[in-house]
Amino acid sequence: MNIHEYQAKALLAKFGVAVPKGGVAYTPDEAEKIAKELGGPVWVVKSQIHAGGRGAGRFKDNPQGKGGVRVIKSIDDVRKSAAEMLGHVLVTRQTGQAGKEVKRIYVEMGCDIKRELYLGLLIDRTTSRVTVIASTEGGMEIEEVAAKHPEKIIKVAIDPTLGLQPFHARRIAYGLGLDGKQVGAAVKFLAGMYQAFVGLDASVVEINPLVVTGAGEVLALDAKMSFDDNALFRHDEVATLADSDEEDPTEREAAKHALNYVKLDGSIGCMVNGAGLAMATMDIIKLYGGAPANFLDVGGGATRERVTAAFKLILSDPNVEGILVNIFGGIMRCDVIAEGVVAAVREMALNVPLVVRLEGTNVELGKRIINQSGLKITAADNLADAAEKIVKAVKEAA
């Protein structure tokens, strides 16, 4: 789950991470009031959407105008910028051309920026450890830094039995070229980040840029946090921060049925049980010359109703030109999947090719249900056969 910048800063501040003062506004009047309360002479007005590159982004109705993050030097301009952002669609490199409507903004005190740095925490899957990533190249995408200046990236893996120690933080601080009181401030800053990461079951905490001010303060000028959805049940204070307006409508609907769905840009819809099998299914579709339209894991305990809901989600994508169902019945019974498939096809009057591969528990019963349905469903003997058949069917139907 992702949250907005202002929400991330509020959470981090509770753990002792230094952030500039600011407030969220939903109207120009609120923006003006917050700016007056903060005091001047400089404010920053920031569009709040779940996407990066806001500062370089442009609004659809004014593509030549200012971006979604603006440095403002008068109360009147704070109000004007708020009016130009709220209710308008911001397009960034992460939103795609569709963009996202700005429904809230963050008004923040300006600061005297002397240096911009990068600081992040994530889980390194190769070491199974929380890892600190830092760089002197703040303000840039860390992927770009890694590609162009890999020598400027500092990585420190944290042993979970010890946790983040002061010597870890000092190593990072010295690596970033901090000195004097800045080192102590950075140690406190990073300790707070780590406590927030572990304590809230985060998957990413990113500060970009981390700034050193003219007065030597170390502040989070921007903040991004993502969380492990599987741990939200024990973090009500985080779960309540979800913004449904920022979620893909189809993915939001999928969550209601306990389905793991991610929309992709291909033409072959996939319904699979198990995340690993789903990834393998998408890979083999690509291998045979097709492109998956989605990742969809119905899970190990899917019911007939959930399978029907999954079909509806797949077919809600106008780009879908064929569907591949790939089920390995371990916990899941093939006959339950077969009943759900047949029910969905009958209910929705399916008009695209459908290939089904079943294997595992009650597989013969599942195949019999499909064969006796009288519906136009192509059976496959194995995964390779299924991928070859659906790719061929989609190309012939085109």
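The values are calculated or read from the model by the stated rules, or taken from the named source; none is laboratory data. Since this is a predicted model, take the numbers as computed values, not measurements. Don't worry about glycine lacking a Cβ; one is built from the backbone with ideal geometry, like all the others, and counts go over all protein chains shown. Quick note on the areas: whole protein, heavy atoms, side chains included, nothing else; ligands and nucleic acids left out. Shrake-Rupley method; radii C 1.70, N 1.55, O 1.52, S 1.80 Å.
Of the residues making up the stretch 35-56, those that are of a type in the set (A, V, I, L, M), surrounded by fewer than 19 Cβ atoms within 10 Å (Cβ to Cβ) and part of a loop (DSSP other than H, G, I, E, B) are Val42, Ala56. Taking the stretch 230-347 and the helices (runs of 4 or more DSSP H) fully enclosed by it, the elements with 1 or more residues that are closer than 18 Å to Ile369 by Cα are at 304-315.
Would it be correct to say that Lys224 is open to solvent by 50 Å² or more (accessible area, probe 1.4 Å), under 28 Å from Gly22 (Cβ atoms) and within 19 Å of the chain's Cα centre (by Cα)? Criteria met by Lys224. Considered as a group, the residues in the stretch 190-208 that are open to solvent by less than 10 Å² (accessible area, probe 1.4 Å) and part of a helix (DSSP H, G or I) include one that is nearest to Met1 (Cα to Cα), and that residue is Phe197. In the stretch 362-372, how many are buried (at least 18 other Cβ atoms within 10 Å of the Cβ) and more than 23 Å from Ala393 (Cβ to Cβ)? Residues in the stretch 362-372 being buried (at least 18 other Cβ atoms within 10 Å of the Cβ) and more than 23 Å from Ala393 (Cβ to Cβ): 1 in total. Candidates are the residues of the stretch 57-93 that are among the polar types (S, T, N, Q) and not in a strand (DSSP E or B); the one that is nearest to Trp43 (Cα to Cα) is Ser74.
How many residues, within the stretch 62-73, are over 12 Å from Ile105 (Cα atoms) and either open to solvent by less than 40 Å² (accessible area, probe 1.4 Å) or touching a helix residue (DSSP H, G or I) at 6+ places or on another chain (Cβ under 9 Å) (or both)?
If we filter the stretch 62-73 for residues that are over 12 Å from Ile105 (Cα atoms), which is where we start, we get 62-67, 71-73.
From the residues that got through so far, the ones that are either open to solvent by less than 40 Å² (accessible area, probe 1.4 Å) or touching a helix residue (DSSP H, G or I) at 6+ places or on another chain (Cβ under 9 Å) (or both) too are 62, 65-67, 72.
Residues that pass the stated criteria total 5.
Taken over the stretch 263-300, the residue count meeting the criterion of being in contact (Cβ under 8 Å) with a residue 12 or more places away in the chain, acidic (Asp, Glu) and closer than 22 Å to Gly330 by Cα is 1.
Only one of the numbered conditions (1) farther than 16 Å from Glu217 by Cβ; (2) open to solvent by 80 Å² or more (accessible area, probe 1.4 Å); (3) more than 27 Å from the chain's Cα centre (by Cα) is not met by Gly175, and that is (2).
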